[in-house]
Structure formats: C-alpha cells, structure tokens
There are 4 protein chains.
Amino acid sequence: MQHFASDNYAGICPEALDALIAANNSGHEPAYGDDSWTNQVCDRLRDLFQTDCEVFFVFNGTAANSLALASLCQSYHSVICHDLAHIETDECGGPEFFSGGSKLLTAPGIGGKLTPDAIESIITRRADIHYPKPKVVTLTQSTEVGTVYSVEEVRAIAAIAKRRHLKVHMDGARFANAVAALDVHPSEITWRAGVDVLCFGGTKNGLPVGEAVVFFDRALADDFAYRLKQAGQLASKMRFISAPWLGLLDHDVWLRNARHANAMARLLETRLQEIPGVSIMFPSESNAVFAQLPPHAAKTMRARGWKFYEFIGAGGCRLMCAWDTQPETVERFAADVRETCVA
Amino acid sequence: MQHFASDNYAGICPEALDALIAANNSGHEPAYGDDSWTNQVCDRLRDLFQTDCEVFFVFNGTAANSLALASLCQSYHSVICHDLAHIETDECGGPEFFSGGSKLLTAPGIGGKLTPDAIESIITRRADIHYPKPKVVTLTQSTEVGTVYSVEEVRAIAAIAKRRHLKVHMDGARFANAVAALDVHPSEITWRAGVDVLCFGGTKNGLPVGEAVVFFDRALADDFAYRLKQAGQLASKMRFISAPWLGLLDHDVWLRNARHANAMARLLETRLQEIPGVSIMFPSESNAVFAQLPPHAAKTMRARGWKFYEFIGAGGCRLMCAWDTQPETVERFAADVRETCVA
Amino acid sequence: MQHFASDNYAGICPEALDALIAANNSGHEPAYGDDSWTNQVCDRLRDLFQTDCEVFFVFNGTAANSLALASLCQSYHSVICHDLAHIETDECGGPEFFSGGSKLLTAPGIGGKLTPDAIESIITRRADIHYPKPKVVTLTQSTEVGTVYSVEEVRAIAAIAKRRHLKVHMDGARFANAVAALDVHPSEITWRAGVDVLCFGGTKNGLPVGEAVVFFDRALADDFAYRLKQAGQLASKMRFISAPWLGLLDHDVWLRNARHANAMARLLETRLQEIPGVSIMFPSESNAVFAQLPPHAAKTMRARGWKFYEFIGAGGCRLMCAWDTQPETVERFAADVRETCVA
Amino acid sequence: MQHFASDNYAGICPEALDALIAANNSGHEPAYGDDSWTNQVCDRLRDLFQTDCEVFFVFNGTAANSLALASLCQSYHSVICHDLAHIETDECGGPEFFSGGSKLLTAPGIGGKLTPDAIESIITRRADIHYPKPKVVTLTQSTEVGTVYSVEEVRAIAAIAKRRHLKVHMDGARFANAVAALDVHPSEITWRAGVDVLCFGGTKNGLPVGEAVVFFDRALADDFAYRLKQAGQLASKMRFISAPWLGLLDHDVWLRNARHANAMARLLETRLQEIPGVSIMFPSESNAVFAQLPPHAAKTMRARGWKFYEFIGAGGCRLMCAWDTQPETVERFAADVRETCVA
C-alpha cells in the first residue's frame, strides 16, 4: 500500500536499481571512490550543471547539509535559516554537532521562504563577540512546505548574502522537484544565482541511499574529502552509492521522477480543494500538499490505515508524493477524505 | 580483474543483492527503521547471538566504531587500542571527532594483538587529571594483520577491563572471518567473553554498504538512536541497509563467505611460502596474508596491474581475500610472484 | 567615573583583594587546587549551603554554565531555557560548543522567568529522534531582567523537571543578589528546592575573576575535574582564584555586597519612576533596573558620558548596580535623566 | 617552604601584584577588554616584539595552546609535536577537544627537541585521506626538559614547515626563560624565525593567572575574539588579567624573573653534579634541572618534605626553579640530596 507520509517511503526507481546491479557486475573495483563509476558520475554532474564543480557523495541529508555547513563556518559562527528549515526542526542538532557548536539563527517567512529583509535584519541585529557571527544563509529548495523559490528570489537572497560576506547553501533534498516545478536549467537556481554549495538529494528522487554535495566554488571544497572520511561519510564500496545516480541522470530520469511526483501533488491538491471542509495551507508548487482537514477526518484517515505527518495542530496534514505515487492512490486517498469529511 | 588490495574491492554477494531487490518490491515502507525488514533483521541478530541485544545499523565502519566508542566515554576519557588498530591508523581522527576529543592510547603487541599486561600498564601509568582517564578497551577481531584472538585471549582482556572499570568494544569489521577461523559460536567471543559492544562488519562480508552496532549491555544503548540521527547515520530508506543482512544471515551465508575468504588466504599463504625470497610476516589466521616480498618483486607485481597495499616498508605486502576471491586468482597471483622473485 | 553598564565594570572588593594578597604571602603552594586555600574555600561553601556538595572553581560564567550543562547532557540532548537567558543571547554559542552540539530550546515567560507550563509544553512537544531530547532545565537567578524566582517558583519548576527526568541547573551569575532579595537561606532556592547544580557567580559580587560550580548531587560531578582540565578551566595557581572567595564568605561580605547593589537599584528605580516620561520595564527585584526612557534622552545620557546597555529598542535601558555603586552616582544619574527628559 | 615541583608553585611577583592593585584603583572600567589597561598592554607587547602583532589574553596555558592550535587547523588536520610535548602529555586531551578532534602526531627527538628531519618524515609518511593531514608544527620553547631551541634550530624547523605549507606554533609557557637563556631579542626566535603564533606564558613568570596569545600573522587571528568568547576564555574584568603584564614588562621584569630562575637552575645543576650517584639527564639550559638520583634518595627527599615530580622511572627528578627561588633553598636542597646519597 502506498502512503503520503514521506517521499522516502518509496523504494528504488528501476533505472537506479539497474545501475546498481550493473556496478556490481564489474567485479572488483577500487574502494573509496577511486572507481570508474564514481568518476563518471562526478563528470556527469559537472555536465548537468555546466560548470567545473567539485562533487562528493554522502549517505544522507543530515550529513550532506551538516558537513556542507560545517565547511562554511567555524564553531563560533552562525547559520541563518528559515524557522521551518529541516536543519532546525528535524536533524536532532546535526548541524550544531558537525560544526562543533555553530548556532542556527531562524527567521520567519511566508510560505516557508526566507526573504532578503529577514536575512538582513538578522545579520545586522548584533555585531558583538557575545553572539555568533553570521557566516552562511541556507535555503531549502523546494521548501519544507512545498513552495519553490523563484530564480529571482534565490538571486535576491544570494545578493544580500554576498554583500554581507555570507556564503549561500542550498538544502536540495527535493532539488529535482524544484527544477521540475520551475522548468529552468539547474544552474539557474544554483551557481548562476549565487549559490555556493548545493546538497542535491538523491534518496527522495529514487535512489536507495545517498546525496551529492556540489561545491560550485571549488576553493570551499578544500580538504572536504578529509572531512567526509573523519565524519564517517566515506563509503568503501563507493560505487554502490554513486552508480545509481547514473540511472537518474541518463535520459533525465531525475526530472521525470520529479515531474511525476509534482503532478501527483497537483492532482491531490485539485481533488482535496474540491472537498468541503478541507483547505490548502500552502500553494502546492512541488511534490507536497499541506491540507487542513477537520481534525476528526485526519483521525479517521489514519484509522483507515493511511500514513501521513501532522503539521502544526490537529487536522493539519503534510502529504508527500513520490516518484512512484500512482494516480489511483491519489484518487483513493481523496475519495476517502471526502467520505470522512462528509460523514 | 580481481585484486588483493582489500576485501572491500569485492561487490555485493548474490544473496544480499537478492534481499535488497526483494525489499524494493514491497512498495512503500515506513522510513528510518520502522519497516518490517529492519525489525526482522534485528531479531535475527538477536537469535544469532542468543541474547537480547540492542541492534543498530550504520553506513560504515568509521561511524560504527567511532559512535560506539563515543557512547562509552566522554571527551576527557581515553580508549586503549593496539598501535596498529584501524581507529588509530585509518579513520582520519574519526573517533576523536565523534567523541569530542577522546584520546586513543596505543599499546604495542605481537601479531597485532593487545595483551592484558599491556592494557594494565596503560591503565596504571597515570592517575592524574592532566591525562585522559581510560574508559574503554577496543579489540579488532580479526586483527589488522590477519591474526585472531582466541576465546581465552578475549576473556582475559575483558577480565582486566572489568576489574579496572573499563568497557570492552570489539571492532568486528571482519568479525565473520574470526568466527569462521575459530569455529566457535559468535557469542563465545563476544558477550559470553565480556564484550560490551560489537561493531559487526557487513560490507567486507558481502553487503553493498553498512555495519551493525550490537550492544550486549542494553543500558549502554540508551538514546543511541538519537546519537545516530544527529551524527548523520540514520538511513531514511533503512530497509536497503538492513534487508541485505537477511541475505547474509539466511543459511549462514555470512559464515560461508568468511570461510571462503579465509580458505583463499590459506591457499595464498601456502603458495607464497613455497616461493624463495618470500616470507610470511604474520600467521595467516583469517582472510589476510602479510608477506614480505623482495622490494623489486612487489614493484614488478604492481607494474603487472596487481593492486595491494604496502605494509611497513618496501616489499611488505598486505593481501586480502574476499568472499568472491577465486582460486584461479590466487594461483595466478602466486605464479606471478614466483616469476618476479625468480627473475 | 562609575557607570551602570554592568556590575562587572566594578573592581575587586577590599576583602577579596586582601584575601588574594594574603594567599600570595604564603610562599610556594601546590598547584591545580591542592593548596590549603582552595580546600578551605570548598569547605566554607559546603558550610554555607549546609550540605556535602562538590565544589569547583572556573574562570568565568561562560565556562561555568557551559561546562555544568555539558556534564548534564550529551550532544543529542537539549536544554530548556528562557528566551532571554544569557546562555542563549550572550555566550556566542558556548553551551553548544562545550556540549558538542546540544540545542537550547527557548521558552517565553513574563519577567524573564520560565514557568512549569512553558517547560512542560516544550518537553512534550516532540518525542521522536529527529529532535534533541530535553535533559536539563536552566534557570537564571536573579534573572536577566532583574526579577527573582521565589522559593515556590523554583520548587515548582524543579518538580516538573524531576517528573520528566530532567536535571535542574541554576545560572547564578547574580545568585547573591537573589539571596539578598529573597532574604532566604541559600539552600532554600537551590538544593532544598530541587536544583542539581548551581553556578555561583563571584565576579559580579566583587571578585577579580572566577565562579564556583556547585554540584549538590555529587554523582553528577563524576570526573568533572577532568572536564575542567581538558576545557582549559583548571588554574595552575588556583589559590588566586579560590582565596578571594574567603574575603566574600567571611562575615557574609557576599551578602553585604549584594544587598548594597540591590539597595542602589531600589534607589535608582525610585528616582527614575518619579521622572515624567520614564517607565520601569520590569519590577526591580535585584540589582538591575530596566527603564524605558524617551529615545532622545537615552541618547543624550550617552553623549554626557554615561555608559549603559540598550534593551530591546531605542530608549530601553539596562541599568546595573554593583557592590561599589555610590548613592551619589545614582543621584547624579537620575538628575541627569530628569534634566534630559525635561529638556 | 619553597619547592622544586613546578614554577607555578610560586606566587605573584611584587611588580605584577602592584599593577593589579593599581588597576583596581581606577574605579569602574569597561569590561571584556575595552579598558585602558588592556589596550596599553597589547601595545606594549607589540613594542616588545617590534611588529604589529595581534594580542589576546587567556586564562591558562591549556586554553592558550589549544585555542591557538584550533585556529590553525580543522578537526581532520593534525599537529606535529614532540612526544614529550605538554599538549600531548599533560592537557587531558585539550587540543583534541578545542579543535574538535585534530590528532597530535608525535615525534621523538633528543633533548625534547623536534628536528626538521623528524618533522619531514611525519609529513611525508602518509598522503591519503584516511589519516589526518598535517597542518601545524608546534615547538615548546624552552622545552619540557629544560633545553632551549637555538635561533638556527627554530629557523630550520619553520623553513621545513613553510615549504610543506604548515603553520608554526610556539608553546611559550616558559618563553621568558628561553629568551633569557639565549640572550636574544624575542623577535629572533619568533616571527623573524618564522613562528606564526606564540603562546607567551605569564603565570610561570610571576603572574597570578593568564597567558598571552600573540599572532604575528594577523590574518590568522580573524574572528579569534569570537573563538575565545565561545570557549570561555574572555574575562569580563579583563584588566585584572592584562594589567599585571605591565608589572612584568616595565623595566624588563619578565627577563629579570626568567634570568633569576635560570641562574638558580644553573646553581642547582652545579651542586647536584658534584654529588656522587647523581647524574644530570639533560643539559640545563633554562630553569629546569632533570637529575637522576638513586631511587632511595628521591624517596628520602620526599619523606623530608621536598616536593618535585618524577620523570620517567624511579629516581628521575624534574626540578623547576621559579622567579622567587632562593639560593638558600637550592643549597639546602642540594645538601639534603648529598646527605641522602651518601647515607
């Protein structure tokens, strides 16, 4: 049975699995990334972004974001993020741990998005050594509530960051969904807009495990390989982390997967907003739908076996679509919501 | 072409791959370990060890050992290990990082093995607050030079540790090879002998990625799940880390794999010791052979395309056999060595 | 010229200086706290608190609070504090650094005080491993805005903490002022009320440098001396940190100093509230007065050479009185304010 | 009674105490180093070193060295030091803690001194990401066994460090004794020789508490003030840490103190080497004498009330002279040794 709890409930997409199996058929391969598969994927990502970026593979998003941020600041620096940012709400202090104590400074913002003004306000709030000095701004693209920063929004934020000598990090756990939603070249919302480091999510896009950390400013990647090794993020049989990316990159499967998930969210949003008593909490721009159900309805849905996360208060529902979410699942879910709402 | 550089040059064994594929066929599954596969594997490991241990899965050995050690000591404590221990020589400061600064206190020991006397001597060397207080003894089983601690040796070390209020950790990156070599029940060299925590290596035994951290003393595992999450070691699609273990555990494939690797090392040792000019550096008790070749021979072998690690000085060779090492590869390698030595 | 910027603008009180000089006259003394002065002060503090507490001396408040908190939690745990707490607003990430990443979870509260309900609400908000587990509640006594927790308030907070298995830490940078204000025995607002660890401030009470960390639960102090040493908080010539405490403890100079500072704040508050256009922001219960001046008045006061901190917005003034603040200074300051307000 | 256990058994020298008292007579002063005393001392140290260095004050040597090293490397880097270096043997893992896990790589060396060859050998030993990358060389001047690096020796070490892109740190807990011993300008063995950062010891030279961290390369001091604050090393009443330095710097009291201590060590060495059965372990070039006594003699000396540290094995004695060590004490000690040796 499919669910809307998270896009990480889905499995491995066929193309990624095929690539993994192919990588296993090549017999012995050098470890720790010195294999032909890993080199190939790094080059492919450079091609994709149309720039000579530095690419690393890590096991998950906690590590990708925490280590990327740690490489951009020291323990007495701080990171500006949205108050709904995953690194603030769901990493159990991972960024603070890997950086040795950097503080996350949170800002509010409509639709889960930071604004230049909010960032500026945090940067200028304090200028004394009793408070950690801001060094990084981090954006989540697509955001934690399913919205997407436009090219202009990313540019405006990066501009203020540069002016204030901060680095720009992008948490792209659902980067593919944002690119698909905006229908722009991936470079347009990353390095061409001023992003220094991107954590490019693979897991939610159809991989078994693994994210890519992409440094557009290669100087920032100095000794990052040592950092990964020390932090327990260097896979010995690296090809099984890297090769599946080939499955995603060949024939733009990563975009196809993202577009499908986005489309399913669109369908779900359409169906839900037709139901009396249901309201949509945020404009669904990527693969998430946040819907306010009558509390009893949410409860009944769970009792019927549907899994999904609560978002701020009874009845608030986070509904995620995955690369494999079937239209039938969406329709069945929507029909069930209608039934419970009407009941 | 197969190599003897490391047992992590080998790929995924068929049974583990089948289990991974099977886990992918079940559709959506809860994330972060709340899936049926992970629970099942934990239970299977409890059965295997015949005790109600607490089991966690992490991505690699650096993380397994570093986090297990961090859970046993504070930053101002120290860990006693052999001076050839992997955590000392090949983790880029991982244990120091994850513990926030715990010092590794190294001891020499014949054949890569710690002795009760060496441990006692380190524990009693200092008793002032200017030096980190020893809190853990860690053994590598099988050792970094291919030897194996006997049941009695593990027991003796654990006994001195307990008397001195230290915990006992076992780095079991090649635990399977040790069990196969000793032909004992896995509990005999772990909890029944006094080991508190085992890092049970899966990668070198045929998995794509992943190790198990097994706490025999469940009290030591308190909040360890939080530690893993914060440290970037909690897989979202956990089943792809856990399910492959089923492939190893069913029908004792893990032991079969280990026995095969050990047998290949035996064969390699036999062949090499027949060659004039070659000497065996350590008794080959598991899946490693350490051989001293004439320096020119080692060089020539590499020129012929063979990959293997140097061990202490020119001509010292570390030769690892894997679950898939073929007898033909061993014979061809030995023939090549003979040729280069005679030449 | 005296100021109201901070009670740490004041120097060393005569009794503390005399004790420091006396400690210097004893010739050679063992280092690192094995001297007669340090032992004596520890005993005196045990007498003062009427319990067999464990006492340590550190150099400043950042270290006292950060190390005490670090000893109460692991990196993946969290600390509940008021959103105005000094550890949150003015330690540059010290608590996060010393704990290796523990998160501070802030709660609002009238008059700078936490409430049992606010604490309970934070504790119960999350119960998953993606968010750091609350392990400590910390109170500042007297608070950052000059108010004081009553005995009942401390008890109520400690009770909820115990019920939820959290430890209770008290940031007592101005503990003396709180005791003086409440006129209770120091044990009544510490261990008898349920406080586990107190950071007892000496610097603001008249010492040149140094705070005491007092563990009422001795088990929590296990190996704390190692922690201090590693963290750069073990003085070699310890007697110069500890002996001055004798000057404070003899004849209750610490209380006399605190009572004087409190009285000066009372006087300042009285004078200020008589001035049209000035409003008192918090009830002045200890040695601080927070007053809202007309913005131009605050500016003019600074132009006249007075130093004081801004508190939330133009015209908000934090005014601290010290052990040596003279009534004449208060009167002159108040007269100046009146003049600038009337002008 | 005076002892030879450590130069930190001595108290505050009169000139430093006078300066401290003078700083207390100035009434209120801005906190955290914004006072006139601190600025003055920084300028005086710049004058002393004849360069525009950046100066910070910390509470003790553990912090000075650990924080200076942490500012020169990341957690996955390493620091090359002598195997007798204080940071390795007596800081309870302080450098590892403050750096978040940097490893100390120790080298042997005659007379407690590193050599360019030993450093080169460590740097070139490994070049893979499985071992922390060397980033700093640290020298102790004077060394832990009382010897002193010549100007040429410091230069040679700094030269190899620069060639290999490592920074050079000097642990100068007894820097004054080295300058006095060599009779050179302090710049000659620091920045003119290639040292990047010096930890200039004040405590053992006659201060109550405190060391200076001197960055000759100002770029390395970027945001170091934040680091100090976060690490609990920013004194609020800073003048009591800084002002006593004036007592040392005026009229070269620091050199006079050091010369006296060195002379007392010379006297002690002369006396001891005349005693049959006593041998000098290292050439006494600064304020330390390391003497091998017959084990029973060392024991008897302790029974007579003399305090001193054991150095490697029974009978090995570390004997430190301080700024206030009296010739009579030396003579009495020597006479006692003679008596116990003859007995």
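The values are calculated or read from the model by the stated rules, or taken from the named source; none is laboratory data. These numbers come from a predicted model, not from an experiment. FYI the Cβ positions are ideal-geometry reconstructions off the backbone, even for glycines, and counts take in every protein chain you see.
Some notes on this structure:
- For the range C:330-340, the set of residues classified as buried (at least 19 other Cβ atoms within 10 Å of the Cβ) and either at pLDDT below 95 or over 21 Å from C:R174 (Cα atoms) (or both) consists of C:F333, C:A334, C:V337, C:T340, listed by residue number.
- Residue identified as more than 22 Å from A:A176 (Cβ to Cβ) and assigned by TED's automatic domain parsing to the domain that holds A:K237 among A:A70, A:A64, A:A23, A:A19: A:A70
- Residue match in the range D:332-340 (condition: hydroxyl-bearing (S, T, Y) and more than 26 Å from D:N177 (Cα to Cα)): yes
- Checking each residue in the range D:75-108 for being under 19 Å from the mean Cα position of the chain (by Cα), at positive phi and of a type in the set (G, A, S) picks out only D:G93.
- Considering A:A261, A:A243, A:A225, A:A235, the condition of being surrounded by 18 or more Cβ atoms within 10 Å (Cβ to Cβ), within 14 Å of chain B (Cβ to nearest Cβ) and assigned to a loop (DSSP other than H, G, I, E, B) is satisfied by A:A235 alone.
- Residues that are touching a helix residue (DSSP H, G or I) at 6+ places or on another chain (Cβ under 6 Å) and more than 14 Å from chain A (Cβ to nearest Cβ) within the range B:31-43 comprise just one, B:V41.
- Contact annotation: residue pairs with Cβ atoms under 7 Å, 6 or more positions apart or on different chains, pairing a residue in the range B:32-44 that is of a type in the set (G, A, S) with a partner that is crowded, with 16+ Cβ neighbours inside 10 Å, are B:G33/B:M238.
- Reported count of residues in the range B:284-298, each being more than 30 Å from B:F175 (Cβ to Cβ) and assigned to a loop (DSSP other than H, G, I, E, B), is 1.
- The requirement of being surrounded by fewer than 20 Cβ atoms within 10 Å (Cβ to Cβ), in contact with a Pro (Cβ under 9 Å, 6 or more places away or on another chain), closer than 30 Å to C:C321 by Cβ and more than 7 Å from every other protein chain (Cβ to nearest Cβ) is fulfilled nowhere in the range D:44-64; no residue meets it.
- Any pair with Cβ under 7 angstrom, 6 or more apart, that starts in the range A:13-24 at a residue that is closer than 15 Å to A:R256 by Cβ and ends at one that is among the polar types (S, T, N, Q): A:C13/A:N257
- Residue within the range B:258-278 that is over 25 Å from B:T325 (Cβ atoms), over 22 Å from the mean Cα position of the chain (by Cα) and in contact (Cβ under 8 Å) with a residue 60 or more places away in the chain present: no
- One residue from D:G206, D:G210, D:G201 being in contact with a Lys or Arg (Cβ under 8 Å, 6 or more places away or on another chain) and either within 14 Å of chain C (Cβ to nearest Cβ) or without any contact (Cβ under 8 Å) to a residue 60 or more places away in the chain (or both): D:G201
- Tally, over the range C:270-292, of residues that are touching a Ser or Thr at 6+ places or on another chain (Cβ under 8 Å) and farther than 18 Å from C:G112 by Cα: 1
- Candidates B:L105, B:L67, B:L20 - the one that is more than 7 Å from every other protein chain (Cβ to nearest Cβ) and closer than 24 Å to D:T89 by Cβ: B:L105
- Residues that are more than 19 Å from A:S279 (Cβ to Cβ) and of a type in the set (A, V, I, L, M) were ranked within the range A:301-341; the one that is farthest from the other protein chains (Cβ to nearest Cβ) is A:A303.
- Selection from the range A:173-214 of residues that are among the small types (G, A, S) and in contact with a strand residue (DSSP E or B) (Cβ under 6 Å, 6 or more places away or on another chain): A:A173, A:G194, A:G201, A:G202, A:G210, A:A212
- Subset of the range C:171-215 that is part of a strand (DSSP E or B) and aromatic (F, W, Y) - its residue that is surrounded by the fewest Cβ atoms within 10 Å (Cβ to Cβ): C:F215
- Check on D:M320, surrounded by 18 or more Cβ atoms within 10 Å (Cβ to Cβ), touching a Phe, Trp or Tyr at 6+ places or on another chain (Cβ under 7 Å) and in the same structural domain as D:K204 (by TED's automatic domain parsing): no
- Of all the criteria given as (1) within 23 Å of the chain's Cα centre (by Cα); (2) of a type in the set (A, V, I, L, M, F, W, C); (3) farther than 20 Å from A:G172 by Cα, the one not satisfied by A:L72 is (3).
- Hits in the range C:306-343 - residues which are of a type in the set (G, A, S) and in contact with a strand residue (DSSP E or B) (Cβ under 7 Å, 6 or more places away or on another chain): C:G315, C:G316
- Check on D:H86, at pLDDT 95 or above and more than 14 Å from chain C (Cβ to nearest Cβ): no
- Filtered by the rule that a residue be more than 18 Å from the chain's Cα centre (by Cα) and surrounded by 20 or more Cβ atoms within 10 Å (Cβ to Cβ), the range B:279-291 gives a lone residue, B:A291.
- Scanning the range A:136-145 turns up no residue that is within 18 Å of A:C73 (Cβ to Cβ), buried (at least 20 other Cβ atoms within 10 Å of the Cβ), within 14 Å of chain C (Cβ to nearest Cβ) and among the hydroxyl-bearing types (S, T, Y).
- Of all the criteria given as (1) assigned to a helix (DSSP H, G or I); (2) of a type outside the set (D, E); (3) farther than 15 Å from D:A64 by Cβ; (4) not assigned by TED's automatic domain parsing to the domain that holds D:E331, the one not satisfied by D:R271 is (4).
- Residues of the range B:299-332 that turn out to be assigned to a helix (DSSP H, G or I) and under 30 Å from B:G247 (Cα atoms), as a count: 5
- Number of positions in the range C:1-39 that are of a type in the set (D, E, K, R) and surrounded by fewer than 18 Cβ atoms within 10 Å (Cβ to Cβ): 2
- Among the residues here, B:A298 qualifies as of a type outside the set (D, E, K, R), within 17 Å of B:Q273 (Cα to Cα) and in contact with a Phe, Trp or Tyr (Cβ under 9 Å, 6 or more places away or on another chain).
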